[in-house]
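Visitor: For reference, the structure I am asking about is given below.
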Amino acid sequence: MRYDEHFKELCGALEGAGAFLVVADKKGRVNLMTIGWAQLGVIWGEPVMSVLVRPSRHTHALLETATHFSVCVPRRGELEKELAFCGTKSGRDYDKARACALTLKDGASGVKYIDGCALVYQCELYGRAPLARGSLAPAALKKYYEPAETPHTLYFGKVLKAENFL
């Protein structure tokens, strides 16, 4: 499918229960994290999926050395318990794919993704930008960050393949 073909469904998931961010470390161990913030569009003339991850998260450390990631969107009403688990437990302490009985598959260029999701965006890490407190709206700072907390890092992924399993 074209990367932007199911944008409405992606936004619906992000506004609802979320989506899975999947990233593997250098040894191939996979971590899943639930996300509710992402962007999809064109940057540098390429289709790009951007995700935001807090520096305190295990996934952040993995993304710092990763080459790829995927965003996997379950069908509405499905995998909600798994999304809740992956959004509240750390990959430092759990193999979340195993704990949730989720099956991982190999995608483009070795990207790992979750089998059975409605939409899958397989991405090559294309850049990163730490967000600075001074560049954020005061209302966003107040709502989403503690006074001494470091804001998210924005990771840019060039969409290598977008798949629709609706």
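Visitor: Using the Cβ atoms and a cut-off under 11 Å, what net charge is assigned to the surroundings of G116, where Lys and Arg are +1 and Asp and Glu are -1?
Guide: Every neighbour counted, the sum reads -1.
Visitor: Here's something else I'd like to know. Points 7 angstrom from Cα along the Cβ direction at K161 and A137: gap in nanometres?
Guide: With each label point 7 Å from Cα toward Cβ, the separation is 3.8 nm.
Visitor: Give me the dipole magnitude in Debye, nearest 20, for the chain about the Cα centre, with unit charges on the beta carbon: positive for Lys and Arg, negative for Asp and Glu.
Guide: 340 debye
Visitor: Indicate the gyration tensor shape class of the stretch 1-44 (rounded, prolate or oblate), computed on the Cα atoms with a ≥ b ≥ c the square roots of the eigenvalues: a/c under 1.5 is rounded; otherwise a/b larger than b/c is prolate and the rest oblate.
Guide: Cα axes put the stretch 1-44 in the oblate bin.
Visitor: Would you mind ranking Y113, Y121, Y126 by Cβ crowding within 10 Å, fewest neighbours first?
Guide: So the ranking, lowest neighbour count to highest, is Y126, Y113, Y121.
Visitor: While we're on this one: Where Rh is the Kirkwood radius over the Cα pairs of the stretch 7-164, the temperature 10 °C and the viscosity 1.306 mPa s, what D in µm²/s does Stokes-Einstein return?
Guide: D, rounded to a whole number, is 101 µm²/s.
Visitor: Under the Cβ-under-4.7 Å rule, which cysteines of the chain stay unpaired?
Guide: Result for the chain is C11, C86, C100, C123, no neighbouring Cys Cβ within the cutoff.
Visitor: Here's a follow-up. Using alpha-carbon pairs under 8 Å, 6+ residues apart, how would you state the relative contact order of the stretch 1-95 in percent? List each step's numbers first, then the result.
Guide: On the way: 124 pairs, mean separation 32.4, N = 95.
Over the stretch 1-95, the number comes to 34 percent.
Visitor: Ok, one more. Write out the chymotrypsin sites (Phe, Trp or Tyr not before Pro) in the stretch 1-60 meeting two conditions: DSSP loop, and at most 11 other Cβ atoms within 10 Å of their Cβ.
Guide: W44
Visitor: Length gain on complete extension for the stretch W44 to R75, per 0.36 nm per residue less the alpha carbon to alpha carbon distance?
Guide: Using 0.36 nm per residue and subtracting the Cα-Cα distance, I get 8.1 nm.
Since every read-out is calculated from the coordinates, none of them should be taken as a lab result. Note that the structure is a prediction, hence the values are computed from the model and not measured. Positions of Cβ are generated from backbone atoms using ideal geometry, with glycine treated the same way; all protein chains shown enter the neighbour counts.
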